[in-house]
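The values are calculated or read from the model by the stated rules, or taken from the named source; none is laboratory data. The model shown is predicted, which means the values in this text are computed figures rather than measured ones. Ideal geometry is used to build each Cβ from the backbone, glycine not excepted, and the neighbour counts take in all protein chains shown.
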Amino acid sequence: MQTNRSVLNVSQLSVDIEGRERRRILNEISFTLEADTVLGIIGQSGSGKTVLSRALVNWLRPPLRISGGSILFKGVDLATVNETAMQQLRGREIAYIGSDPANALDPTLPIGRQIAEKLMSVENDLARDAADRRVLQMLDAVRIPSSRQRFHEFPFQFSGGMMQRVMIVDALITNPAFLVADNITQPLDVTIAAQILRLLKELQRDFRTSTVFVSSALGVVAEIADRVIVLAHGEVVEQQGMHGLLDRPTHEYTRRLISEMPKIWGEEPLPTAVETPASETVLSVRDVSKTYSERDRNRFFVWNHIQAVRGVSFDVFRGENLGIIGESGCGKSTLSRLLGRVEAPDTGQIEFLGKDIAHMGRRQLLGLRKKFQLLLQDPFNAIPPHLTIGRTIAEPLYIQGGTSSVEVEKRVRATMIEVGLQEDLYDLLPVGLSAGQRQRVNIARAMVLDPELLILDETLSALDQVEQAKLIELFGDIQKRRGITYIYISHDLSLVRRVCNRIAVMYLGRVVELASNTDIFFNPQHPYTRALLSAVPAIEERRYLPETYLMEGEPPSPINIPAGCSFRSRCPLPIEICASVDPKLSATPSDGYAACHLITPIAQSTINS
Amino acid sequence: MFALNFLLRRIVQGIVIIGLVTLLIFTLLRVVPGDPVRIMLGPMVAPSVMEQVATELGLRDPIPVQFGRYMLQVMKGDLGHSFIRNAQGGSTGGSRGGETFDLQNRAKVSELIANTIPYSILLAALAILFTVLISFPLGFVAGVYSGKWPDRLSLYVSSVLVSLPNVWLGIVLILLLSAWGGILPAIGYNGPSYAILPALVLAIELAPVMIRSIAVSVANSLQENYVSVGEVRGIKRRRMITHHVLRNASIPLLNLFGIQVIGMLLGSLFVVEYIFNYPGVGLLMINAVFQRDFPIIQAIAMLSSAVLVCVNILVDLAATNIDRRLQY
Ligand code: SF4
């Protein structure tokens, strides 16, 4: 498969950041990109991988500067070539795709026009209609639905995944000799990212584009690369074939990287929660819905109804960890606001300890509120910068009232110790706290009220693996001590795999499957759960193959939800009834619940509807 | 469909705004001291005659009644008659006796405005042209070389310009270019060349705002991610600026133009026309204010707010056409 022709020869490449003092960002990087192959570059944030990918296309801006070495491409040294000659190569022979597709094009012009503009400016004698034709062909090649219409649409009308396809068209339309793909799947949801990755793989094969694929996720790189370079602190620590790297990593850093990769099907994790099957119900959610209305500016007196949460029901039992997973737009953040009673649902009940909090008044709620707390993702904006840490943590106690200030201080200090904050932070302002410490302050603030239920909405998402693991352990300890119940709301499958007893999978405002941890990962019933599992970037062998379960397409808009099963447009095995009858969440043979006609006898779901 | 919906909504909004402005001016005129009848009839007239004329003109009715009557009249397309000016165009005043004041032979406000407005339009158009000619190159260069010497130069120029009061500037220009230099005519109107000097004064007043805003919007647009991505996509920087940066920068500029520049222009027009004795709507307005000529003041206030509202609608319509995101 590999020819001996090399496309790009990088040797001893160094990049410095120039300022009052020089600092080296990349140190003497050397590698070769063979023709028609994909070279993966893996590195964590701060490893210099984005700088490297920009340096390869000579696109560094001051204060960054190439300070040594060479990048040979077709006999030209890109490291020293002048701007005019580089301009000739960029866009024509050398292409680059970044991680921010949403801001990559002029927001005020249709995407088709802009790609044609690029094509015409690199191929000078191309007529406009010929350029348009080629753009359309390429839009079809990346499977953008109704390409003719989308040609004339504007960047903001595209989802992240579709926009990334547009940028792939833009990069490959000139059939470049080499392509740098810099973290292109990073901002996307797993199923969408997996689609993009699959597409890029196909296109790379068809166009024979030599590709440098940069990513921080080993699982993603493993999916596409032939060879791989491991970058750490600006240096190449290891370089070898993809399979060799996974099987026989030679460098310590690579070994750690591989061992830190969360495993999904590997060893059976130990959910931190104590198994207390179906004991006491702490929270009972019944048929909860929430719709937002928004004016349709293209029609008179018309409001669009965005159905964010559509009839969700589940129970949470004392002492368990319930996971709620789903991709962006599935309604999980709205659901978390409803459960935390930041907002009231339009319909349905939320019973907490036997009382319906769905429509409870403010005053009544205040008393109950100390028993259930919502913790959000963002550890930075939630902490007031002008209050001492002790005061911030004490805030909920003051709001609740009825505690003497001596007692408040005692409880705050005790809670700080419990969540692993040094007590001497009590009188300090929050400046200079690390992300992990800030998240701990947030946790302490919630814990100080001694809640019985904690809702964690992407609370751990912004943290790195190590910090995340520490907090998971902390939550486990607190649970053992206090018998607390957790709801983890997250998009991260490996996280819920590690900590949750039961998991609910959401799609388009609904719970489509609810089952035990083991069943969700080893015996999922709903096609969407399988698609989700097939898309996880993993270095283990997959139990569900994307070829079987991952269809093209994106979720329908929550404004116009089609009749029948809302997953139908992406379902690999739809049957006739799916087009007309919306499946209800019903019991599966394996003791879980799923909303799919394949699982529940049709007669039953018709009766239910 | 969007445009229609948009226009309808904005026009209704606009009418409400114009109505409110008119009501405000209408009330203020009648609340602040200064009885127009006294000026109409002169100081020598007996109080009883004054009262009689005032009642005849409806000036003694409660303000809401007067306003209602006025609005009904306006809706029929009648802006009323001047209190002071007679139909022949001359201004009557207090020196005349009450007997010669002819209630029936007063000038129609609509005609007075129609006679003066072409001059004002000429002046305003010329002023905008000069403003663009001065501020566009300076602002554009400053924006593209943001932080470098052209940027600083344009900042100095606009700081100097902004500190010149228009009255003073007008007088200096009249002295320099007209009285001493003899290059341009200055006072009154006797052909389009008379509009050049006042337009220049207006342009110098408007230019600094425009220069700064052009510089800032161009510089901000250049910072956008798509501009640097454009380079790596293979689009030359020059083309990026002419085809994309300018387009994007025009949106904040249009807004500024619609609100601030037109507002400033309307305000300064009155003053500058007065300084140059230029026979436009502004001069008419200033004289009307001195003479408590309510119908003229009201009509011109209404007209000004209508201009402001219309320009704003047009500007927003243009902006939503340039950037479709504004339609959502
Ligand atoms: S109900 Fe039909 S369309 Fe929906 S997930 Fe099941 S099989 Fe697929």
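Laid out as a table, the results:
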read-out	value
Candidates B:Q298, B:Q291, B:Q260, filtered to the one that is out of contact with any Cys (no Cβ under 7 Å at 6 or more places or on another chain) and surrounded by fewer than 20 Cβ atoms within 10 Å (Cβ to Cβ)	B:Q260
Residue match in the stretch A:146-164 (condition: within 27 Å of A:F73 (Cα to Cα) and either among the basic types (K, R) or within 14 Å of chain B (Cβ to nearest Cβ) (or both))	yes
Residue tally, condition free of Cβ contacts under 8 Å to residues at least 24 places away in the same chain and within 14 Å of another protein chain (Cβ to nearest Cβ), over the stretch B:287-325	3
Wholly within the stretch A:429-534, strands (runs of 3 or more DSSP E) carrying at least 1 residues that are outside the structural domain of A:K410 (by TED's automatic domain parsing) and of a type in the set (S, T, N, Q)	A:485-490, A:510-516
Single residue of the stretch A:510-534 satisfying the filter (of a type in the set (S, T, Y) and under 19 Å from A:T548 (Cβ atoms)) that is nearest to the ligand (Cβ to nearest atom)	A:Y528
Condition check for A:S146: among the polar types (S, T, N, Q) and either touching a helix residue (DSSP H, G or I) at 6+ places or on another chain (Cβ under 9 Å) or outside the structural domain of A:S11 (by TED's automatic domain parsing) (or both)	no
Subset of the stretch B:19-45 that is under 20 Å from B:R85 (Cβ atoms) and among the β-branched types (V, I, T) - its residue that is surrounded by the most Cβ atoms within 10 Å (Cβ to Cβ)	B:V37
Every residue from the stretch A:122-137 that is crowded, with 18+ Cβ neighbours inside 10 Å and within 14 Å of chain B (Cβ to nearest Cβ)	A:V122, A:A131, A:V135
Count - residues of the stretch B:46-61 that are in contact with an Asp or Glu (Cβ under 9 Å, 6 or more places away or on another chain) and surrounded by 15 or more Cβ atoms within 10 Å (Cβ to Cβ)	3
Number of positions in the stretch A:76-121 that are under 20 Å from A:R148 (Cα atoms) and more than 13 Å from every other protein chain (Cβ to nearest Cβ)	1
Leading residue by the ranking (nearest to the ligand (Cβ to nearest atom)) among those in the stretch A:577-593 that are part of a helix (DSSP H, G or I) and closer than 28 Å to A:R286 by Cβ	A:C578
Segments classed as helices (runs of 4 or more DSSP H), wholly inside the stretch B:210-328, with at least 2 members that are touching a Leu at 6+ places or on another chain (Cβ under 9 Å)	B:225-233, B:246-256, B:262-275, B:281-290, B:294-322
The stretch A:409-440, residues that are β-branched (V, I, T) and surrounded by 13 or more Cβ atoms within 10 Å (Cβ to Cβ)	A:V412, A:T415, A:V419
Test result for B:P252, at pLDDT below 90, touching a helix residue (DSSP H, G or I) at 6+ places or on another chain (Cβ under 7 Å) and assigned by TED's automatic domain parsing to the domain that holds B:L138	no
Subset of the stretch B:64-86 (residues that are surrounded by 15 or more Cβ atoms within 10 Å (Cβ to Cβ) and on the phi < 0 side of the Ramachandran plot)	B:Q66, B:F67, B:Y70, B:V74, B:L79, B:H81, B:S82, B:F83, B:I84, B:R85, B:N86
Search result, residues across the stretch A:554-577 that are among the hydroxyl-bearing types (S, T, Y) and closer than 17 Å to A:R310 by Cα	A:S557, A:S566
Residues of the stretch B:12-56 satisfying the condition of being within 14 Å of another protein chain (Cβ to nearest Cβ) and in contact (Cβ under 8 Å) with a residue 24 or more places away in the chain	none
Any hit, the stretch A:543-552, residues being within 13 Å of the ligand (Cβ to nearest atom), assigned to a loop (DSSP other than H, G, I, E, B) and away from chain B (no Cβ under 14 Å)	yes
Index of the failed condition, A:P574 passing every other in (1) away from the ligand (no atom under 14 Å from the Cβ); (2) more than 16 Å from A:E513 (Cβ to Cβ)	(1)
Check on A:R498, at pLDDT below 90 and over 19 Å from the mean Cα position of the chain (by Cα)	no
Condition check for A:A127: in contact with a helix residue (DSSP H, G or I) (Cβ under 6 Å, 6 or more places away or on another chain) and either in contact (Cβ under 8 Å) with a residue 12 or more places away in the chain or in the same structural domain as A:I173 (by TED's automatic domain parsing) (or both)	no
Test: residue in the stretch A:160-179 that is in contact with a Gly (Cβ under 8 Å, 6 or more places away or on another chain) and without any contact (Cβ under 8 Å) to a residue 40 or more places away in the chain	no
Number of the condition not met by A:A358 [criteria: (1) in contact (Cβ under 8 Å) with a residue 24 or more places away in the chain; (2) in a helix (DSSP H, G or I)]	(2)
A:L52, sole failed condition from (1) assigned to a helix (DSSP H, G or I); (2) free of Cβ contacts under 8 Å to residues at least 60 places away in the same chain	(2)
Some residue of the stretch A:334-346 being touching a residue at least 40 places away in the same chain (Cβ under 8 Å) and farther than 28 Å from A:P187 by Cβ	yes
Filter result (in a helix (DSSP H, G or I) and within 33 Å of the chain's Cα centre (by Cα)) within the stretch A:102-133	A:A102, A:N103, A:I111, A:G112, A:R113, A:Q114, A:I115, A:A116, A:E117, A:K118, A:L119
Total residues in the stretch A:1-45, condition in contact with a strand residue (DSSP E or B) (Cβ under 9 Å, 6 or more places away or on another chain), in a loop (DSSP other than H, G, I, E, B) and without any contact (Cβ under 8 Å) to a residue 60 or more places away in the chain	5
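Listed here are the residues, each with its yes/no results for (1) part of a helix (DSSP H, G or I); (2) at pLDDT 85 or above; (3) under 20 Å from the mean Cα position of the chain (by Cα); (4) crowded, with 18+ Cβ neighbours inside 10 Å.
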| site | (1), (2), (3), (4) |
| --- | --- |
| B:E99 | yes, no, no, no |
| B:S110 | yes, yes, yes, no |
| B:A125 | yes, yes, yes, no |
| B:L133 | yes, yes, yes, no |
| B:F136 | yes, yes, no, no |
